[in-house]
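The values are calculated or read from the model by the stated rules, or taken from the named source; none is laboratory data. All figures in this text were calculated on a predicted structure; none of them were measured in a lab. Here Cβ is always computed from backbone atoms with ideal geometry, including for glycine, and neighbour counts include all displayed protein chains. For the accessible areas, the whole protein counts, side chains as well, though only heavy atoms, and no ligand, DNA or RNA atoms are used. Shrake-Rupley method; radii C 1.70, N 1.55, O 1.52, S 1.80 Å.
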Amino acid sequence: MFEAKIDANVLRESIETITAVVDEGKLRITEEGLKLRAVDPANVAMVSFELQRDAFDDYRFERESKSESKSESEVEAAGDTPEALEAIEVGIDFVKLLGILGIGGREEVNLRLDGRAQKLFTRMGSLAYTISLLDTASLRKEPKVPELEFPVQVIIEIEEFRRTVRAAERIGDHIVLGVDGEEFYMAVEGEMDKLRLTLRKEQLIHLTPGTLHSLYSLDYIAAMSKGMSRADNITLNLGKDYPLQIDFEVADGKGKVSYLLAPRIESE
Amino acid sequence: MFEAKIDANVLRESIETITAVVDEGKLRITEEGLKLRAVDPANVAMVSFELQRDAFDDYRFERESKSESKSESEVEAAGDTPEALEAIEVGIDFVKLLGILGIGGREEVNLRLDGRAQKLFTRMGSLAYTISLLDTASLRKEPKVPELEFPVQVIIEIEEFRRTVRAAERIGDHIVLGVDGEEFYMAVEGEMDKLRLTLRKEQLIHLTPGTLHSLYSLDYIAAMSKGMSRADNITLNLGKDYPLQIDFEVADGKGKVSYLLAPRIESE
Amino acid sequence: MFEAKIDANVLRESIETITAVVDEGKLRITEEGLKLRAVDPANVAMVSFELQRDAFDDYRFERESKSESKSESEVEAAGDTPEALEAIEVGIDFVKLLGILGIGGREEVNLRLDGRAQKLFTRMGSLAYTISLLDTASLRKEPKVPELEFPVQVIIEIEEFRRTVRAAERIGDHIVLGVDGEEFYMAVEGEMDKLRLTLRKEQLIHLTPGTLHSLYSLDYIAAMSKGMSRADNITLNLGKDYPLQIDFEVADGKGKVSYLLAPRIESE
């Protein structure tokens, strides 16, 4: 049994961080809150999403018994331990859900899960919206988070990042993110033009000095940049020709999102 | 002879209620004001429009003698009684007229009809726009209003209605409007999702209790919803598998519009 | 050597006046400021642009010696006089430059020319953008300004002009600009409709009385109308079946722009 109440804007902001990477995914509901981890169809980007129960105005979760709930089949298959049953996994078309939520006002959204009927009920004022859950068996398996060590961390204001990404999109398809001594930079080269953002340590919230950079696909960076547009700051975890991990908060710090993006090989 | 002065916003709002159903139509000008009744090309929807002369800042209408005016030929053909001559009927491309009016500011619009030359002159400030009248003979005949009796009336705020229609468009092609006891509802079902607005009597301005519903095409409902977007409240006249009649006011109550929409047959 | 600092909005406004007519062109940099004169690909419209050095917050120009600078080759070829060397001519893709400038905020833009490397460096805050200069040899030659005498001058508020152009675009492809006694008019005729703006002398900032008119392509007028949208007033220089010259100021009067547009022949 899952039933919750949440501010419509907080829910929208949260779902937007997910739809920046995937259209649909398995949402895991536990006593602590909501969790999701999903990889994009091309296996290039991953989103890890977490929203604590105290981001909600009301949050009721009760462990369902095995016989009651179809929605736990996946969980069972994955291990069949009693612990596993403490989560409900539901397949959700986030793009569709966001579309409907986008029409509502600023009010509160009520969520209620019917695991047996495989439905998620959402209610905004007098408007009730019932979405059929996706068969979790048909969804991609939850990815393993690779073990990564990032030698460098940069904390930057989202606006500076977004604006650079928007300008970069006019110039090329790939973007370099790197640090050079006490400077962080983002650079893109087109056939004729070059764009480079350079921020010194004192212009950043945090920087680990170093000398390294990696190349990434701008399409993915741009989508992520939209997904995190309501954050204030983002933390970039960087390495040399290494994946990029971007961490940020949602719901006034009561939610956490990480994007992971595979690097592109630089052609000389 | 017809000459009038009207606030640009009032005129725009009025024409928008017409273009929600038809692109062009026969406007009937009388001493009392303007009237139009027209059916959409697919014969599914009808608009009845009426704007009283006191919605105008200035309104001059003079009966033309038969020999003077070409524009009355249609009226004559329809009966040739002296009464018939007390109206001038003009064919107007409302979409085109609205396009030009949309560019002007908030000022006043002057209208002047030249029946002989088959022109409508409009003037907004220093900008004069002359539109050729359409040949009324080439336009569809004014429809008869069917005799209908509606067992149920619901008066609802336009915003609640519009928002539901917008959400519904994301889900399906048809929408059910109905009452169930003391509740009014709008419901749409897609392949995977369902949306339902439910408003209790006390959430409405008026409701006749009952138990009935009808199914309508969402495309038409959505177009009408735009056409009446500047009204505050709308009155829904409902029956069981019956046409829908929506009544609302324009021009601060000095104009009245009714939309009539045929029901769709529900497939089980 | 050219290096300058300028308000981002002033630079954007300036470039927009150029891109209304051409995508790319040869910008001539001198001790006095920037100049450009270019003709559109169809040879129908010309833009003459001039931005004084005091429109800049900082402006440094130093004559380069012949051997140092590739960018002067064109200038040399054109005459090889010492005077010619007092200008640097650079080929710029203005549409691309505007695209990047459009993303920045309201801050200051730093410009620096590297004639040897054929690059223009622009910097907005921490964001550096390097644009490759176009080969001036591949660009069209700077047009000669024809010797024209305009019997009539009309000074009009840009808003009245723009609004008429926008309405006119819905009706036809050509527009007449003329004066009739003490009135200025703009008129367009479609198959069914006519639009006419009439302004009496006292509704204008200036009018030379007369009786003449010319026909112009609306596409060009509309593009120019956008290019001068940030001006307050524009001066229309008119003749009978004659080119139209529109003069206006940019950068708070520290820049001047003229558009020249060939007339269309009126078909009876």
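Summarised in one figure, the compactness ratio Rg/Rh of chain A, Cα atoms and Kirkwood Rh, is 1.01.
The angle between the Cα long axis of helix C:218-227 and the main principal axis of chain C comes to about 50°, on a 0 to 90 degree scale. Taking a point 7 Å from the Cα of C:Asn9 along the Cα-to-Cβ direction, the residues of region C:218-252 with backbone N closer than 11 Å to it are C:252.
Amide H contacts of C:Ala128: A:Arg196, A:Leu197, A:Thr198, each under 5 Å away and 5 or more positions distant or on a separate chain (H built 1.01 Å from N in the peptide plane; Pro and chain starts excluded). Over 16 Å apart: what share of the alpha carbon pairs of region C:138-181 falls there, rounded to a whole percent? That fraction is 63 percent.
Judged by the gyration tensor of its Cα atoms, with axes a ≥ b ≥ c, region B:135-216 is oblate; a/c meets the 1.5 cut and b/c is at least as large as a/b.
For region B:15-65 and region C:22-61, write down the distance between their C-alpha centroids in whole Å. With region B:15-65 and region C:22-61 each reduced to a Cα centre, they are spaced 54 Å. Principal-axis analysis of the Cα atoms of chain A puts helix A:8-19 at an angle of about 60° to the longest axis.
Scanning chain B for the Cβ atom closest to the axis that brings B onto A yields residue and whole-Å distance B:Gly102, 15. Counting charges near A:Leu207 (Lys, Arg +1; Asp, Glu -1) among other residues having Cβ under 12 Å from its Cβ returns a value of -2.
Shielding value for A:187-195 is 5, the average number of Cβ atoms from other chains within 10 Å of each residue's Cβ. At C:Glu182, label 7 Å along Cα→Cβ: distances to the other copies, nm, ascending? Sorted ascending, the copy-to-copy spacings read 7.3, 7.3 nm.
Per residue of chain C, the DSSP helices (runs of n ≥ 4 H) give a summed -39500 (n - 2.57) that works out to -5500 deg cm²/dmol at 222 nm. In whole angstrom, note down how far apart the Cα centers of region A:110-175 and region B:204-220 are. Result: 37 Å between the Cα centres. Over region A:152-261, the fraction of Cα-Cα pairs per 5 Å bin, rounded to whole percents and listed from the shortest bin up, is 2, 13, 24, 26, 21, 10, 3, 1, 0. Take each residue in C:223-233, count the other chain C-beta atoms within 10 Å of its C-beta, and the mean is 0.
Annotation: peptides C:139-151, B:121-133, B:194-206, ranked by per-residue average of other Cβ atoms within 10 Å with the highest first, follow the order B:121-133, B:194-206, C:139-151.
Across the identical copies, the 7 Å label point of C:Pro143, projected outward along Cα→Cβ, sits 5.5, 5.5 nm from its counterparts, in ascending order. If you take all other residues with their beta carbon under 12 Å from the beta carbon of A:Arg230, and give Lys and Arg +1 and Asp and Glu -1, the sum is -3. With all protein chains in place and a 1.4 Å probe, the accessible surface of region C:97-209 carries 44 percent carbon and sulfur. Other residues whose C-beta falls under 12 angstrom from the C-beta of B:Asp57 contribute a net charge of -2, scoring Lys and Arg +1 and Asp and Glu -1. The contact between chain A and chain B removes approximately 1400 Å² from the accessible area (both sides summed; 1.4 Å probe; ligands, DNA and RNA excluded). Using heavy atoms of the protein chains and a probe of 1.4 Å, the accessible area assigned to C:Asp58 is about 70 Å². Listed by chain and number, the aspartates and glutamates whose alpha-carbon sits under 12 Å from that of A:Lys201, ignoring those within fewer than 8 places in the same chain, are A:Asp180, A:Glu182, A:Glu183. Sorted shortest first, the distances from the C:Asp232 label point to those of the same residue in the other copies are 4.2, 4.2 nm; each point sits 7 Å from Cα along Cα-to-Cβ.
Per residue, the accessible area of chain A comes to 47 Å², computed with a 1.4 Å probe over protein heavy atoms only.
For the peptide A:126-135, the mean number of other protein chain Cβ atoms found within 10 angstrom of a residue's Cβ is 6. Here the scattering of the protein assembly as shown is modelled by Debye summation over its C-alpha atoms, one equal scatterer each and no solvent; at q = 0.06 Å⁻¹ the log10 of I(q)/I(0) is -0.59. Relative to the longest principal axis of the Cα atoms of chain C, helix C:158-169 runs at roughly 70 degrees.
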